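Accompanying notes for the structure given below.
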Amino acid sequence: MHPTIHQIPLATLTSGDTLFLQAYQFRGQQPGKKVYIQSNLHGAEIVGNAVIYELIQFLRNIDVSQLTGEIWLVPLCNPLGSNQRTHYFSSGRFNSYDGRDWNRIFWEYRSDADDLDDFVQAHFDSSPADIQQHYRQRILKAFAQLEQAIASPKGVPFRDQYRYRLQTLCLDADYLIDLHSSSNQGINYLYYFPQREESARLFLLPAGILLDHYDGDAFDEAFIKPWLALEHCFAQHGRDLQFDVEAWTLELGTGLRIQPESVAKGLRGIKNYLTYKGSLSLSGFPVDAPSYHDVRFTATSKLARYYAPRGGMVQPVASLGALVDAGQPLYQLLSFDKRQPEPKTLVVHAEQDGLIFDMAMNQAVNQGEYVLGIL
């Protein structure tokens, strides 16, 4: 099966060059759901590009009858972030022009929708498929109005133009998967949304974090929150619905690296998820339920992040991926305080039981800088 390749221009540069996105569209023999998968929204988080490469090779070698609907794959979805460098280090988490996090800029329909109650009342007795179709059309119609500002003579900041081009590719999707990694050292896990826990298990990852607290307009949030709001509004009016629309962020290992284990787990999880959802027909998938029921779930609001109580050098005691008990030593901080006659050490202990899912790459810290996270 061969993909249709789309090149989407983003911006012309001073040099005369043009930044492009490149999307690979695989279309199955029968119509069905649209799957959208992207990688490298944050410049240093490169592992998802390898996952998409493997997906492209895999899809090229299956029969068209094994795919229902379509799959869109967008590697290197943020060219500016991917190319950003400071000395030897890839950075690209923040837009160098305005300081904004590249994954906190996206348009979300819910903030523009002031008549959700009217929509629910008008469609209360409609089938879920009809409701989903009409609601999606409302989202797309509202989104299309953004183009007027982009095309105006006064223009818009690059972030607005960028988000418009990227979201144009995905707002009509049914399943969205955004591939990330830690910017530090991280395990393999995912972020998921309310009432999607059972689907989260399908990715075969050891841990999942429920997004019950939002700190901005992230890509997956902007996609799914209008649908969550619609479900909530129906529930308030007395009808329980859950639409087959889902968004995921997979966090696959450590930043600045392509770890083979993380690539393999990401690829396996995506195959399993898409087979269960009916987009793919593959031998050996989906795997038997017991293989993916042992997942450690927690909520964003329950995460514990540890910051250096003073400046110094971090010497880990507990390792990434370790289960720790309250009171157990996490790390030792070696401090060369110039007001003291000799160096001092401080041992930091866990305040609760949990799993160390993230650790700072840099073990030299100023007071208040991030050291590790526990879920």
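A few remarks follow.
- Odd one out for P194, checked against (1) modelled with pLDDT of 95 or more; (2) over 21 Å from L21 (Cβ atoms): (1)
- The condition of being within 25 Å of P3 (Cα to Cα) and either within 17 Å of the chain's Cα centre (by Cα) or assigned by TED's automatic domain parsing to the domain that holds Y53 (or both) holds for only one of E108, E70, E147, that being E70.
- Some residue of the range 323-346 being within 23 Å of L205 (Cβ to Cβ), of a type in the set (G, A, S) and outside the structural domain of G255 (by TED's automatic domain parsing): no
- Residues that are buried (at least 17 other Cβ atoms within 10 Å of the Cβ) and not β-branched (V, I, T) were ranked within the range 139-160; the one that is farthest from I209 (Cα to Cα) is L146.
- Strands (runs of 3 or more DSSP E) wholly inside the range 243-360 containing at least 1 residues that are under 30 Å from I131 (Cα atoms): 246-252, 296-299
- Test: residue in the range 1-9 that is assigned to a strand (DSSP E or B), surrounded by 16 or more Cβ atoms within 10 Å (Cβ to Cβ) and modelled with pLDDT of 95 or more: no
- Here G368 does not qualify as more than 31 Å from the chain's Cα centre (by Cα) and either exposed (fewer than 12 other Cβ atoms within 10 Å of the Cβ) or at pLDDT below 95 (or both).
- Selection from the range 214-224 of residues that are at pLDDT 95 or above and either surrounded by fewer than 20 Cβ atoms within 10 Å (Cβ to Cβ) or in a helix (DSSP H, G or I) (or both): F219, D220, E221, A222, F223, I224
- Any hit, the range 106-114, residues being of a type in the set (G, A, S), at pLDDT below 95, in a helix (DSSP H, G or I) and within 22 Å of Y36 (Cβ to Cβ): yes
- Extreme residue, farthest from G32 (Cα to Cα), among residues of the range 72-92 that are among the hydrophobic types (A, V, I, L, M, F, W, C) and surrounded by fewer than 21 Cβ atoms within 10 Å (Cβ to Cβ): F89
- Any chance R60 is assigned by TED's automatic domain parsing to the domain that holds Q133, modelled with pLDDT of 95 or more and in contact with a strand residue (DSSP E or B) (Cβ under 8 Å, 6 or more places away or on another chain): no
- Test for V324: is it touching a residue at least 12 places away in the same chain (Cβ under 8 Å) and out of contact with any Asp or Glu (no Cβ under 9 Å at 6 or more places or on another chain): no
- Scanning the range 352-373 for residues that are closer than 9 Å to L320 by Cα and not hydrophobic (A, V, I, L, M, F, W, C) returns a single hit, D358.
- From Y88, Y97, residue being out of contact with any helix residue (DSSP H, G or I) (no Cβ under 8 Å at 6 or more places or on another chain), more than 30 Å from L230 (Cβ to Cβ) and at pLDDT below 95: Y88
One line per residue, one yes/no per condition, for (1) in a strand (DSSP E or B); (2) touching a strand residue (DSSP E or B) at 6+ places or on another chain (Cβ under 8 Å); (3) closer than 25 Å to I187 by Cα:
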| position | (1), (2), (3) |
| --- | --- |
| Q22 | yes, yes, no |
| Q25 | yes, yes, no |
| K34 | yes, yes, no |
| I37 | yes, yes, yes |
| G43 | no, yes, yes |
| N49 | no, yes, yes |
| L73 | yes, yes, yes |
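- Close contacts from the range 304-321, counting a first residue that is of a type in the set (D, E, K, R) and a second that is modelled with pLDDT of 95 or more and not in a strand (DSSP E or B), with Cβ to Cβ under 6 Å and a gap of 6+ residues or different chains, come to R310/Q367.
- Selection status of T275, in contact (Cβ under 8 Å) with a residue 40 or more places away in the chain and either β-branched (V, I, T) or touching a strand residue (DSSP E or B) at 6+ places or on another chain (Cβ under 6 Å) (or both): no
Table: residues versus (1) within 20 Å of D174 (Cα to Cα); (2) touching a Gly at 6+ places or on another chain (Cβ under 9 Å); (3) not assigned by TED's automatic domain parsing to the domain that holds R257.
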residue: G16; (1), (2), (3): no, no, no
residue: L21; (1), (2), (3): no, no, no
residue: F26; (1), (2), (3): yes, no, no
residue: G32; (1), (2), (3): yes, yes, no
residue: V35; (1), (2), (3): yes, yes, no
residue: H42; (1), (2), (3): no, yes, no
residue: I46; (1), (2), (3): no, yes, no
residue: Y53; (1), (2), (3): no, no, no
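- Boolean, Y24 is surrounded by 15 or more Cβ atoms within 10 Å (Cβ to Cβ) and free of Cβ contacts under 8 Å to residues at least 24 places away in the same chain: no
- Tally, over the range 75-94, of residues that are assigned to a strand (DSSP E or B) and under 24 Å from H2 (Cα atoms): 0
The values are calculated or read from the model by the stated rules, or taken from the named source; none is laboratory data. Note that this is a predicted model, so its numbers are computed, not measured. When we count neighbours, we look across all protein chains shown, and the Cβ atoms used for this are built from the backbone with ideal geometry, even at glycine.
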